[in-house]
Each structure stands twice: as structure tokens, then as C-alpha cells.
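Here the structure comes first, spelled out in C-alpha cells, and everything after it is commentary.
The values are calculated or read from the model by the stated rules, or taken from the named source; none is laboratory data. What you see is a predicted model; the values in this text were computed from it and never measured. Cβ placement follows ideal geometry from the backbone for every residue including glycine, while neighbour counts extend to all protein chains displayed.
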Amino acid sequence: MDRIPLPDAGAEHRHVSFECAGAHDDAVHLFSKSEILAVNAAVAAGRPLLVRGEPGTGKSQLARAAAKELGWAFVKHVIDSHTESRDLMWTFDAVQRLADAQIAGARLAVRPSTPTKTDPVDTKAEPAGTLDIANYLHPGPLWWAFDWSTANDQCDRARGVAPSQPDRGDWRKGCVLLLDEIDKAEPEVPNGLLEALGAREFTPIGQRTPVRASGRPVLVIITTNEERVLPDPFVRRCLVIRLGLPEDEDRLIDFLMTRGEAHFPDADERVRRQTAKMLHTDRQKAIQKNIRPRPGQAEYLDLLRIVVALEPDNPSAQLARLDEVAGYALRKQAGTADGR
């Protein structure tokens, strides 16, 4: 069975670097022992892994790191309030089909009923089967995760685009699917996934053969920011890990500084520590006032990114800049922008 190796002896984390990261994406992930054990357990059990925690704790990054370490393909889908469970399996482009039908009808309307030498047969007329449902059926993220080969064939037929693989994951080895922020969706979405995730198969519209997950491993990672309670039957079908920040000040500062060093190895220790202290102060204010979302790891890294970019190779200037720009990164909600 494929599995992620635990951190080396004496190490707390396994360092994962990504092939390609955007301007606002994390270039590395520090895989803790508990995260690795949870991923390996989910792969062994064949169950989805539900990752709980407040925003900015690295839940989404965990999924990409798992794919990178396993060498598997990675597919990501961000869920919103308009998402339906069917969208995660397949989508049907009814609008394009209607447009094509109207074009075909217009061509038929102007074609003469009896072709003559001056009005030859229109060789560009719509061929039989052009409006077949299958030509407008696009594989959803679960289809790619369960059966990449048939998803790719269907994608070509519907003139779609396959998921890119910036980390060079190989779908022949397996696939990690990230369903991000499922708590944004209506309860129908997790309930509608119960059968597909349980049986590991579903049948798209117009298809006779179901899409099945067979022959290679699949890991489904689902994240929630706990904004909405998930249905009990759905949670029961998942393994669960909770990610969070340490509550103790010293532990929180050490936690953040470790991640700051991984993301910005050239940043001065004094800058990383002062940034962590400022985050702890603002986080405590948010907790006392019951304000959410609270500033966390993501805001800490953003603040470091700002001062390092504004004052490169100048720790003293970076420290001076922290107070000037901290409010933009740490105090985003009403009631937190009241200064220190």
C-alpha cells in the first residue's frame, strides 16, 4: 500500500516543497506526524478524510502535500453556495447544446428541399449525433478521481480541459481529490455524496456504464471551516482530523516561527518572532470579542511576506514596517481595527 513516510527520527515535520506556486500560494507544507498518520489511515481504510479547523490552518494545503508525497494526481474543487452534489460527479452543458441546436436548425431552414446543380448539397450540414448528450457531458472532480482514463476520453469528446498537474502527479499511481469548504454548501450536497463515496461509483446522465473507482487508489480529502454543521451520516463515513493553532503563547509563537522559517528561510529570526507576537496579541483580542475569523497562520505568513517584500535584506526596516502594515493583515473584521 502506498503511504507517506513519517518524519525522520528527531524531526517534528516532513518538509514538502511544491513544483509550482502562485504569488499567493504556499510553496511548502510542513507535514506533521498526526497529519501523515491521518492520510495513511484514510488511504488504508478507503474512506474520505474530513479535515476540520478554522480558516488559515493549512487544511487545503494538506491535500496537495499528500498528492505530492504520494506522487499521485491532484484534483481540487472549491465548493460554494451554488454547488450541487451532481456537479461534483458530472455537469451537462445544456446552454451550449441549445445554441448548437439553434444553429443546426437555422442551417436546415435555409437549405433547399431539392438540391440542384446551382444549389449543391451542404457538405457542412450537422452530422447525425452532433447533439448527442454525451457531447456536452463534462467530467466532474469525482469522475477524474475515480476513473481518470474514461474522464479524459469524455473530456476530449466534450471539448473540455483536463486538470493540470503542476506537481507532476501521475494518475496511474492514484489520485487525491480535494473538496474544499464543504460547509459552504447546502446540506443536500454532503447527503448527495453519500452513495457515490460509499459505493465508489455513480452513473452520469445518458450513460449505461457507471464510473467506478477500481484498479488504483483514491484519496478524497474534504475540508470544513465549521461554518455549518455537517449531516451525521456523512461524518460517519469519513475519518476526521482537526487542525488548529496552539493556545499557549509560547507554543503558538514557536509554531508560527517554524512555519515562517520554512516559507521565508532568509527572514531574520527577530522579524519572525515579532510578527508572531503581534499575531498572538491580535488573535487574543479577537477571541475575547468573539470575532471570527481570527487571525491565524495565513495572516502571519502574509504579514511576513509584506515586510520581506517591502524591505528586502533589511531586518531593522522590516521590524519598523510591521506596526505600519500589521492592521491590513491582522485586523480585518469590525471591532479589531482599534489599534494597540
Name the single residue that is farthest from the chain's Cα centre (by Cα) among those in region 116-156 being farther than 30 Å from Ala65 by Cα and either among the aliphatic types (A, V, I, L, M) or at pLDDT 95 or above (or both). Val121
So which residues in region 126-163 are touching a strand residue (DSSP E or B) at 6+ places or on another chain (Cβ under 9 Å) and of a type in the set (S, T, N, Q), if there are any at all? Ser149, Thr150, Asn152, Gln154
When you scan region 55-75, do you find a residue that is assigned by TED's automatic domain parsing to the domain that holds Asp170, in contact with a Pro (Cβ under 8 Å, 6 or more places away or on another chain), basic (Lys, Arg) and part of a helix (DSSP H, G or I), even just one? no
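Could we say that Glu54 is within 24 Å of Ala134 (Cα to Cα), of a type outside the set (Gly, Ala, Ser), out of contact with any Asp or Glu (no Cβ under 6 Å at 6 or more places or on another chain) and in contact (Cβ under 8 Å) with a residue 12 or more places away in the chain here? Show your work before the answer.
Numbers: within 24 Å of Ala134 (Cα to Cα): no; of a type outside the set (Gly, Ala, Ser): yes; out of contact with any Asp or Glu (no Cβ under 6 Å at 6 or more places or on another chain): yes; in contact (Cβ under 8 Å) with a residue 12 or more places away in the chain: yes.
When the stated conditions are applied, Glu54 does not pass them.
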Output the residues belonging to region 195-252 that are in contact with a His (Cβ under 8 Å, 6 or more places away or on another chain) and crowded, with 20+ Cβ neighbours inside 10 Å. Leu252
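For region 57-71, enumerate the residues that are touching a residue at least 60 places away in the same chain (Cβ under 8 Å) and either under 15 Å from Leu142 (Cβ atoms) or of a type in the set (Gly, Ala, Ser) (or both). Reasoning before the result, please.
Step one: filter region 57-71 for residues touching a residue at least 60 places away in the same chain (Cβ under 8 Å), giving 57-60, 62-64, 66-71.
Of everything in region 57-71, those that are touching a residue at least 60 places away in the same chain (Cβ under 8 Å) and either under 15 Å from Leu142 (Cβ atoms) or of a type in the set (Gly, Ala, Ser) (or both) turn out to be Gly58, Ser60, Ala63, Ala66, Ala67, Gly71.
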Which condition from (1) within 28 Å of the chain's Cα centre (by Cα); (2) more than 30 Å from Ile133 (Cα to Cα); (3) at pLDDT 95 or above is the one that Arg270 breaks? (1)
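Each row is one residue, and each column tells you yes or no for (1) under 20 Å from Gly53 (Cα atoms); (2) of a type in the set (Ser, Thr, Tyr); (3) in contact with a Ser or Thr (Cβ under 7 Å, 6 or more places away or on another chain).
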residue	(1), (2), (3)
Thr258	yes, yes, no
Asp268	no, no, no
Leu279	yes, no, no
Gln284	yes, no, no
Lys289	yes, no, no
Arg292	yes, no, no
Pro295	yes, no, no
Asp313	no, no, no
Val325	no, no, no
For the structure I just gave you, tell me whether Gln274 is over 21 Å from Ala11 (Cα atoms) and without any contact (Cβ under 8 Å) to a residue 12 or more places away in the chain. no
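Might you let me know whether region 144-162 holds any residue that is among the polar types (S, T, N, Q) and assigned to a loop (DSSP other than H, G, I, E, B)? If you could, list the steps in order and put the result at the bottom.
Our first condition is that a residue be among the polar types (S, T, N, Q); within region 144-162, this holds for 149-150, 152, 154.
Next, only the ones that are assigned to a loop (DSSP other than H, G, I, E, B) stay: none.
No, there is no match, as no residue in region 144-162 is among the polar types (S, T, N, Q) and assigned to a loop (DSSP other than H, G, I, E, B).
Any residue at all in region 31-47 that is part of a strand (DSSP E or B) and either acidic (Asp, Glu) or under 16 Å from the mean Cα position of the chain (by Cα) (or both)? Steps first, answer last, please.
Initially, region 31-47 is screened for residues part of a strand (DSSP E or B), giving 31-32.
Add one more test, that the residue is either acidic (Asp, Glu) or under 16 Å from the mean Cα position of the chain (by Cα) (or both), and what stays is none.
No: zero hits.
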For a quick check of your reading of the model, give me the residue pairs whose first member lies in region 314-334 and is of a type in the set (Lys, Arg), whose second is part of a helix (DSSP H, G or I), with beta-carbon atoms closer than 9 Å and at least 6 apart or on different chains. Arg321/Ile306; Arg321/Val307; Arg321/Leu310; Arg331/Asp282; Arg331/Lys285; Arg331/Ala286; Lys332/Glu299
Test for Val220: is it assigned to a helix (DSSP H, G or I) and assigned by TED's automatic domain parsing to the domain that holds Gly58: no
